[in-house]
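Everything below concerns the one structure shown next.
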Amino acid sequence: MTDTTPDNLHGDHHHKPRGIMRWVLTTNHKDIGSMYLIFSFTMFLLGGAMAMVIRAELFQPGLQLVEPNFFNQMTTVHGLIMVFGAVMPAFTGLANWMVPMMIGAPDMALPRMNNWSFWILPFAFLLLIGSLFMEGGGPNFGWTFYAPLSTTYSPDSTGLFVFALHIMGISSIMGAINVIVTITNMRAPGMTYMKMPLFVWTWLITAFLLIAVMPVLAGAATMVLTDKYFGTSFFDAAGGGDPVLFQHIFWFFGHPEVYIMILPSFGIISAIVPAFSRKRLFGYSSMVYATASIAGLSFLVWAHHMFTTGMPVFAELFFMFCTMLISVPTGVKVFNWVATMWRGSLTFEVPMLFAIAFIVLFTIGGFSGLMLAITPVDFQYHDTYFVVAHFHYVLVSGAVFSIMAAAYYWLPKWTGHMFNETLAKWHFWCSVISVNVLFFPMHFLGLAGMPRRIPDYALQFADVNAIVSIGGFAFGLSQLIFLVVVIQCARGGAPAAAKPWEGAEGLEWTVPSPAPYHTFETPPDLKEVRDGH
C-alpha cells in the first residue's frame, strides 16, 4: 500500500532530479547558479585565450602571428566575452546561489524565468563566437562598436552581433527582475531592508541599474542595425545623422555598466572582510548609502569618455566634477573596509587574501580613473594604453578578484568540502604577481603615447610590451590552478562544517554544507543569527 502520509510527501518534495534534463529543466536557484558560474568561467578561459593571442602578437613589434583584421576581431570579442560572458554571468550566478539563502527565501521568486534567462545566454554566445567563422570574419570594431566602424565599415556578421547583444540584454533584464522581485517579496520575517547583507543590497541596486540601462544598449544596437541594413542615417552625417550621437547613447549605457560590474564586488568584500577580521562591518548604513550614491552618479558621467570629441567647456567641467564626486562614496567604502580590519583579529585565509588584494588594486584603478577624469589630462591619455591599464585594474584585479574571493568563501557551502588551501594560495600569489606585471607597466606605455587596439607599435615600446606579455601568459596560466582547486573541491576533500569560517555571519551559514537542494521551506528564525547583518 502506498504511503501517502504528509511526511512522505514532504520527502518526495526533496527528490533531487538526475541526468541531463535536471540541468535543462531546472528551476532550482542553486542549479541555475552553478550553471551560471560554470558558464562564466568557461567564457573567462575563452576570453582569456583571446587575450593571449593579443599579447602574443604584441610580444614583439611588427606583424608576427595574426593579420590586423583578425587582431581587431580578437580585441572586440575578448571585450564582449569578458564583459557580457564572464563578469556579469558570474555575478548573476553568485546572486542565484546566495541571495535566496541570505534572505531566508526558498528559491528565486520567478524560477521558470530564471531558467530561461540562463539558457538563452549560451545561445547568444554561440552566435557571437560563430560569427568569427563567417566570411569576412566576426565583429572587428571594438566592444564599444562605435559608428561608423560598426555601420559603414563593419563586416556582414554585424547582424549576428546585434542579435546576440539583444539576447544577452534580455537575459540580463530577466535576471534583474527576478532579483528585485525576490528581494522585495521573499525576505524572512524581521529582515528589514537595513538588516539585509550588503551583498543583497548591492545586487538590488545593480538590478535597478540593469533595468535602466540595458534598453539603452538595445536602442543603440538597433539603430546600428537599421543604419547598416535598412538605409537609416542615425549615425551617418551624410544623411543628417551624427556619429557622436552613438557615443552619447553608448556611454549612457556604458558607464552605469561599469558599476553593474563592480557594485556586487563591494557586497562580496563587505561580507569577507568582517568575517576574517572577526568584527562587524564598520559603517553598514554608510555603505548602503554610498552604493546608492555611486549608482545615481553613474548616470551623470557618461561624457567623460568623450572629452576629445569636442564639447562646450561648461559640459567638460560638469562631467569632470561629477566623475570626481564618485570618488567620495567610493572612498567611504574603502575607509569602512580598512576601519573594519583595524584592531580586528585578522587571519589570512584565501578569500581574505583576494579581498585585501581587491581593496589595494581596485584603489589603484580608482586613482587612475581620477586622473582620466581631469579633462585637460584626459586629452593626453585618451585612447592610449593608460586607459587599458585603468579599466583592467578595475575589472580584473577588481571585479574578477572579488569573484575569486567569493568563490573561495562560499565553495565549502556549495560543495560540502574544504578546498586545497596550499594550491589556492599558489593561485592567489601567482595571480596577484602576474596581474601587476601584466597591467601596471601599461600605465607607462600609455603615458609614453602608445595607442590602444593596434597590432603593431613603435620600437621604443618593445621591452615593456615583452614584459606585459609575459605577465599576461603567467596570469592566464595561473587561472588553471583555480580550475584544479575547484574540480578537486567538488569531487572530495575534508568535510566542511556548516560554518567553516569562524567569523562568518548570515543565514547561509545556518544550513548544512553542502547546502541542501531545498532550503528555508519555512522562514528561518532571525534571532538565531547574531543580531542583524
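The values are calculated or read from the model by the stated rules, or taken from the named source; none is laboratory data. All values reported here derive from a predicted model rather than from experimental measurement. So basically every Cβ, Gly included, is an ideal-geometry build from the backbone, and we count neighbours across all protein chains shown. For the accessible areas, the whole protein counts, side chains as well, though only heavy atoms, and no ligand, DNA or RNA atoms are used. Shrake-Rupley method; radii C 1.70, N 1.55, O 1.52, S 1.80 Å.
What to note about this one:
- Rounded to whole Hz, the Karplus (6.51, -1.76, 1.60) HN-Hα couplings of the stretch 500-505, x for glycine and proline: x, 9, 3, x, 6, 9
- Mean separation of Cα contacts under 8 Å, 6 or more apart, over the residue count of the stretch 200-250: relative contact order %: 25
- Couplings 3J(HN,Hα) of the stretch 78-92, computed from phi: 4, x, 5, 5, 5, 6, 8, x, 9, 5, 5, x, 5, 5, 5 Hz, in residue order, whole Hz [Karplus 6.51 cos²θ - 1.76 cosθ + 1.60, θ = phi - 60°; x for Gly and Pro].
- Normalised by the number of residues in the stretch 372-473, the mean separation of alpha-carbon contacts (under 8 Å, six or more apart) gives a relative contact order of 42 percent.
- The long axis of helix 263-277 is offset from the longest Cα principal axis of the chain by roughly 50 degrees.
- Label-zone membership for the stretch 367-409, site residue 460, 7 angstrom Cα→C-beta point, backbone N under 15 Å: 385
- Dimensions of the stretch 416-526 based on its C-alpha atoms, expressed as ranges along the principal axes with the largest first, amount to 65, 28, 24 Å.
- Amide H contacts of residue 384 (H built 1.01 Å from N, in plane; Pro and chain starts excluded): 452 sit under 5 Å, all sequence-distant by 5 or more or on other chains.
- Within the stretch 422-471, all pairs of alpha-carbon atoms sorted by distance into 10 Å bins from zero give the percentages 24, 46, 19, 10, 1.
- Highest average packing first - 111-121, 21-31, Cβ atoms within 10 Å: 111-121, 21-31
- Applying the Kirkwood pairwise sum to the alpha-carbon positions of the stretch 300-343 produces a hydrodynamic radius of 12.1 angstrom.
- Computed per residue of the chain from DSSP H runs no shorter than four, each worth -39500 (n - 2.57), the mean residue ellipticity at 222 nm is -21500 deg cm²/dmol.
- Cα point-scatterer Debye curve for the stretch 177-231, base-10 log of I(q)/I(0) at q = 0.15, 0.16, 0.19 Å⁻¹: -0.55, -0.59, -0.69
- Taking the convex hull of Cα positions in the stretch 268-425, its mean projected area over all directions (nm²): 10.6
- Take the Cβ atoms of residue 120 and residue 502, set R0 to 45 Å, and the FRET efficiency comes out at 0.65.
- Förster radius 41 Å - calculated FRET efficiency between residue 345 and residue 192 (Cβ-Cβ, nearest 0.05): 0.90
- Summarising the overall dimensions of the chain from its C-alpha atoms, the Rg and Dmax are 23.3, 85 angstrom.
- Cα-Cα separations in the stretch 86-219 greater than 26 Å, expressed as whole percent: 34
- Å² per residue, accessible surface of the chain at 1.4 Å: 40
- Between the stretch 95-125 and the stretch 436-472, the alpha-carbon center distance in angstrom: 40
- Among the listed pairs 30/499; 30/527; 30/195; 279/425; 499/527, a Cα-Cα separation exceeding 20 Å is found for 30/527; 30/195; 279/425.
- More than 16 Å apart - percent of Cα-Cα pairs taken over the stretch 264-345: 57
- Across the chain, Cα pairs under 8 Å and at least six residues apart give a relative contact order of 18 percent.
- For the chain, carbon and sulfur atoms together expose 69% of the accessible surface, with a 1.4 angstrom probe and every protein chain in place.
- On the basis of the beta-carbon distance and an R0 of 22 Å, residue 184 and residue 300 show a calculated FRET efficiency of 0.25.
- Take the Cα of residue 328, step 7 Å toward its Cβ, do the same at residue 65, and the gap between the two points is 4.7 nm.
- Label point distance in nm, residue 245-residue 379, each placed 7 Å from Cα along Cα→Cβ: 2.8
- For the pair residue 113 and residue 422, the difference between a 0.36 nm per residue extended length and the Cα-Cα distance amounts to 107.2 nm.
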